[in-house]
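Nothing in this text is a laboratory measurement; each read-out follows from the coordinates by a stated rule. Note that the coordinates shown come from a computational prediction; the quantities given were computed from them, not determined experimentally. When we count neighbours, we look across all protein chains shown, and the Cβ atoms used for this are built from the backbone with ideal geometry, even at glycine.
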């Protein structure tokens, strides 16, 4: 049977010279309290800095015309808890976690907060084990698609939030209705944003999220009372 930690290392794409670093990256403080093992918290602190630098490095090299403020927005969108936890699940981190009994019983193995911390700790472990270039290659290998998606329209993700905040001032909430069409490999999504039976905006995109963002942008551009 394959060791869960070996599976994680394979998914990351880094062969650890010092395997104890990889082990430490999976030790939650609740397990540390019950065993003679150091938790991942110091590695997490280091890994957070490494991730921020590697993403910034990627943006700086790949997008010479992207302003500093937009680079900051893209970076924030790809290093948040949700994005990191998603990557952690792809790596198989839940199976490799070392948790205390209490944390195990309360579902800690699938908590996004823990998974995101461990992803950063693993990056810290890669950095200590193989240096910055090794860590940068891991980041670019697993974050590049998300960075490119966000950088292609860095302000796009703000439209739904902006619309929701504007409508909240009036005590109203937007609802989105999305339809899809086309073959599986090239679907097109159409969305309308509705408030109290009134259509405020419409939009299309290559994903449900993009269609909703386009509809929200349409609403903000002047349609209905949200404009």
*Given a cut-off of under 8 Å on Cα pairs at least six residues apart, what relative contact order in percent is computed for the range 1-72?*
17 percent
*Mind putting together the pair-distance distribution for the range 45-145? All Cα pairs, 10 Å bins, whole percent per bin, short to long.*
15, 45, 29, 9, 2, 0
_Considering just Cα atoms, how many Å³ per residue does the convex hull of the range 105-227 enclose?_
179 Å³
*DSSP bridge orientation in the chain - percent antiparallel, rounded to nearest 5*: 95 percent
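Checking the a/c ratio against 1.5 first, then a/b against b/c, what shape does the Cα gyration tensor give for the range 137-208? Show your work: numbers first, answer last.
Working: a/c = 3.65, a/b = 1.50, b/c = 2.44.
The shape class here is oblate.
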_Just to be sure I understand, if you calculate log10 I(q)/I(0) by the Debye sum over Cα atoms at q = 0.10, 0.18 Å⁻¹ for this structure, which of (i) -0.52, -1.37; (ii) -0.59, -1.16; (iii) -0.45, -1.34 do you get?_
(ii)
*Determine, for 148, 12, the number of other Cβ atoms within 10 Å of each Cβ, and report the residues in order from fewest to most.*
148, 12
*Can you give me the relative contact order of the range 51-175 as a percent, contacts being Cα pairs under 8 Å and 6 or more apart?*
31 percent
_Quick check on the exposure proxy: order 57, 28, 185 from fewest to most C-beta atoms within 10 angstrom._
185, 57, 28
*With a 10 Å Cβ neighbour count serving as the proxy for reagent exposure, in which order, fewest first, do 14, 142 appear?*
142, 14
*Relative contact order (percent) for the chain, with alpha-carbon contacts under 8 angstrom and 6 or more residues of separation?*
19 percent
*With the Cα gyration tensor of the range 66-111 in hand, convert its eigenvalues to equivalent ellipsoid semi-axes via √(5λ) and list them largest first in whole Å.*
31, 10, 6
*Divide by every residue of the chain the summed helix terms, -39500 (n - 2.57) for each DSSP H run of at least 4, and state the resulting mean residue ellipticity at 222 nm, rounded to the nearest 500 deg cm²/dmol.*
-18500 deg cm²/dmol
_Highest-MSF residue in the chain out of 40, 159, 127 [GNM, Cα springs under 10 Å]_ = 159
*Can you give the FRET efficiency for residue 72 and residue 10, using 1/(1 + (r/R0)^6), R0 = 35 Å, r = Cβ-Cβ distance, to the nearest 0.05?*
0.60
